[in-house]
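Structure first, then comments.
The values are calculated or read from the model by the stated rules, or taken from the named source; none is laboratory data. Remember, it's a predicted structure, so these values are computed and weren't measured experimentally. As a convention, Cβ positions derive from the backbone with ideal geometry for all residues, glycine included, and neighbour counts pool all protein chains shown. Just so you know, the surface numbers come from the protein's heavy atoms only, side chains and all, with ligands and any DNA or RNA stripped out. Shrake-Rupley method; radii C 1.70, N 1.55, O 1.52, S 1.80 Å.
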Amino acid sequence: MRAEIKVSGIVQGVGFRPFVYRTAVKNGLVGYVRNRGDAVVEVVVEGNKANLTQFLEDLKADKPPLAQIYNTTTDIKKEEEGFSEFKIIRSSGEAELSGSVVPPDVSICDECLREMRDPQNRRFDYFFITCTDCGPRYTIIKGLPYDRPNTTMQEFPMCDACVKEYGDPANRRFHAQTVACPDCGPKVYLTSSSGEPIDCRDPIRETGLLLEEGNIVAIKGNGGFHVATATTKTEPVARLRRDKHRKQKPFAIMAPDLETVKSFAEVNQWEAELLTSYRKPIILLKKRADYPLSDLVSPELHSVGTMLPYTGLHAMLFDQVEEPAFVMTSANPPSEPIVTDNNEAVSKLGSTVDYFLFHNRQIAQRCDDSVVRFHGKDPCLIRRSRGYAPEPVLLKQVSDRCVLAVGGELNVTSCILTENRAFISQHIGDVENLENLRFLKDSIAHLTKLTNCSVEAVACDLHPRFTTTKLAQEIASKLGCPVVKVQHHHAHAAALMAEWNVPEIVAVTCDGFGYGSDGSAWGGEVLYTDREGYKRVAHLEAQPMIGGDLATYYPLRVAAGILHKQLDVSEWLLSLSNKFPHGRKEAEVIVKQLEKGSAPETTSCGRVLDAVSAMLGICYTRTYEGEPAMKLESTAMKGKDVLNLAPRVEGNVLDTTVLVNEIFSNKDKVSAADLACSAQSYLARGLAQLAVEEAMRLKVKHIGFSGGVAYNEHIKATIRKTVEKEGFKFLVHNRIPAGDGGTSFGQSIVAGFQKK
Ligand SMILES: [Zn+2]
Ligand SMILES: [Zn+2]
Ligand SMILES: [Zn+2]
């Protein structure tokens, strides 16, 4: 008998063909297995019925750890071709099925790490050691099928010893496309800041020593460059912060192992599990009370973003040093994507760094590190990128059309939804300039090619002037398909609904900014959402943004605008003149603007948190997105809700003026920590109350929380308490970012599932 099988899913680049080979041989079958151009694996086997049946069972039961099977089709035929043996044959370019994909990058496995440390092994000290179970995937792939010629390993012809391993069914590098060794694989070298090679025997360990001494080194990785330096010394970190856009932004760090991480941060069991998993994201860990690293690593925050080495190169950096961790921050110029090219690195980073640690393999796909935060045992994805993308999020429902969604403006990702799979791209960043727009376009083209999808609708934000809105229109007119515009908070709420497969939800969606259906700025919303659409059922009070966008950067302006409704704050404002870039002059202009009384308004929850942060003297200037609110949260962790203000609601609007006034009048009597906590509690209790009332009225069982504010642990816990006490089910994101990295997913859901 003969069986023709097609397996779709994540089956290329995960050791699937070697596995099929072994399984076929074990069951005494003949035939072949091959990769196809649509990321599908095709198997033809011949043998007796019992063996065939067993083979099909083994295929499902014993699949390699990284493989994911979405679908298997099997055609059984009587006639045989009469193969003489089982073979892995040359891949075919055929592409008819859609919705399969290549795996994300996988961090170095224990077995490879052991070999790299073994002086008897021929890959001893080889920094790019990999096998069928580990190594870069997404970042080296240029096209499909996933074979060496379609990757950036193409430039490194295998030596005889590697060829032998590649062709040996018993070897753990049998058909591993990234196989390489010190003789034939990529090389690593150290250069000066101008790219002049520096002669040294052991460039990686030398780099470790240079970092420990306080030098700044740009290190090329799999998906881009990191800028690295020491963490226990203040001088190099301060030097790295010279750049304007790095003034306060927390730097991620890398530590050699879990034990060392525990010397500076608290790690719970779930954090430890993910830190050491094959995904190896950055995890925002709580600093220990005796935190020994420089305060400049993550200034004024309670947490420090930490990851473990995910390549052999990273592991070797720590071999000869005492330093507990190195700063490892994405190397990107302001508002530009992470640098990937060696020449580009020298021209763009040369003035910031002292040295470069290069390797000579190209980066096909740029990919930043992922960032995760835990609330207890709940993972909250802040940035879903390396180790995750392009692995799809599996849904319980099937979309009737294939949708491409392009995201909004900040923290953009793109997303392709086909059937029950949502492929979210790697992190793109803020799409305000040409470089990032090009990156977004490239990632869309790549993802479309990899998944072999024909896009039938393009989804984007409702904002008429976003770059991504224009991009969506361009793509749609080229493809001759419709554009679906999705309101920002509707996208957040729909994402939650789809992640939990519920038909309707009352969602609290709080963040910094989203363009409202009435053209005004939203950001503290309670929405009712179902398959038909959404209704804005409640929101925060609209507050003035004195000076428009400037109020986002200098939150005292928001505070002054709110206080001015009931108080004369000109004296207070003038006393804080030095908190504005143009000093007293600027403060005087603000006072005039207050009196004039016309300013754009926003219902943003983020702006209220920012205003409180500035009033309490925690943060006057926003140098990175979310900074004032994040620092407020860190301060609030040391406080209690001492004010216990009762939420004041009028006609489905939560009053925030009363809150800001209370904070103002207590700021010299009560500690900043207690007031910070009280402010967060007021907003959380007020929003929860509104959501519960609406859910009761609408007879909805589920209440959710989404948007960037949902990363705030205290606000989330407080809303949860009220919601659950009232007997509702509380839903939050586990697999999709609550922040704007998740909006492309939400947009695709609205366009894919909504009844037309
Ligand atoms: Zn390995
Ligand atoms: Zn070799
Ligand atoms: Zn948002």
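Computed quantities for the displayed model
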| item | result |
| --- | --- |
| Answer residue from the stretch 482-510, given it is outside any helix (DSSP H, G or I) and open to solvent by 10 Å² or more (accessible area, probe 1.4 Å) and is nearest to ligand 3 (Cβ to nearest atom) among those | LYS485 |
| Those helices (runs of 4 or more DSSP H) lying entirely in the stretch 158-259 with at least 1 residues open to solvent by 10 Å² or more (accessible area, probe 1.4 Å), within 16 Å of ligand 1 (Cβ to nearest atom) and touching a His at 6+ places or on another chain (Cβ under 9 Å) | 160-166 |
| Close pairs (9 angstrom Cβ cut-off, 6 or more residues apart or separate chains): small (Gly, Ala, Ser) in the stretch 562-576, part of a helix (DSSP H, G or I) anywhere | SER570/ALA560; SER570/ALA587; SER570/GLU588; SER570/ILE590; SER570/VAL591; SER570/LEU594; SER570/GLU595; SER575/ALA587 |
| Given (1) at pLDDT 95 or above; (2) open to solvent by less than 10 Å² (accessible area, probe 1.4 Å); (3) in a loop (DSSP other than H, G, I, E, B), number of the condition THR139 does not satisfy | (3) |
| Residue, most open to solvent (accessible area, probe 1.4 Å), within the stretch 105-124, restricted to residues that are of a type in the set (Lys, Arg) and within 16 Å of ligand 2 (Cβ to nearest atom) | ARG122 |
| Selection status of THR552, in a strand (DSSP E or B), away from ligand 2 (no atom under 16 Å from the Cβ) and polar (S, T, N, Q) | no |
| Residue satisfying all of: in the stretch 425-445; farther than 15 Å from ILE475 by Cβ and of a type in the set (D, E, K, R); nearest to the chain's Cα centre (by Cα) among these | ASP430 |
| Among residues of the stretch 628-642, those that are surrounded by 18 or more Cβ atoms within 10 Å (Cβ to Cβ) and farther than 18 Å from LEU284 by Cα, counted | 2 |
| Candidates ALA95, ALA67, filtered to the one that is open to solvent by less than 10 Å² (accessible area, probe 1.4 Å) and either out of contact with any Pro (no Cβ under 7 Å at 6 or more places or on another chain) or modelled with pLDDT under 95 (or both) | ALA67 |
| Only listed residue being farther than 28 Å from CYS380 by Cα, touching a residue at least 24 places away in the same chain (Cβ under 8 Å) and either of a type outside the set (Gly, Ala, Ser) or open to solvent by 50 Å² or more (accessible area, probe 1.4 Å) (or both), chosen from LEU527, LEU462, LEU479 | LEU479 |
| Filtered residues of the stretch 82-131 (kept if among the aliphatic types (A, V, I, L, M), under 17 Å from THR276 (Cβ atoms) and in a loop (DSSP other than H, G, I, E, B)) | ILE108 |
| Residue among LEU211, LEU190 that is within 29 Å of the chain's Cα centre (by Cα) and either of a type in the set (A, V, I, L, M, F, W, C) or within 16 Å of ligand 2 (Cβ to nearest atom) (or both) | LEU211 |
| Number of the exception - LEU144 against (1) away from ligand 1 (no atom under 16 Å from the Cβ); (2) open to solvent by 70 Å² or more (accessible area, probe 1.4 Å); (3) at pLDDT below 95 | (2) |
| Pairs where the first residue, in the stretch 172-194, is closer than 14 Å to CYS134 by Cβ and the second is within 13 Å of ligand 2 (Cβ to nearest atom) and of a type in the set (Val, Ile, Thr), C-beta under 6 Å, 6+ apart | ARG173/VAL179; THR178/THR130 |
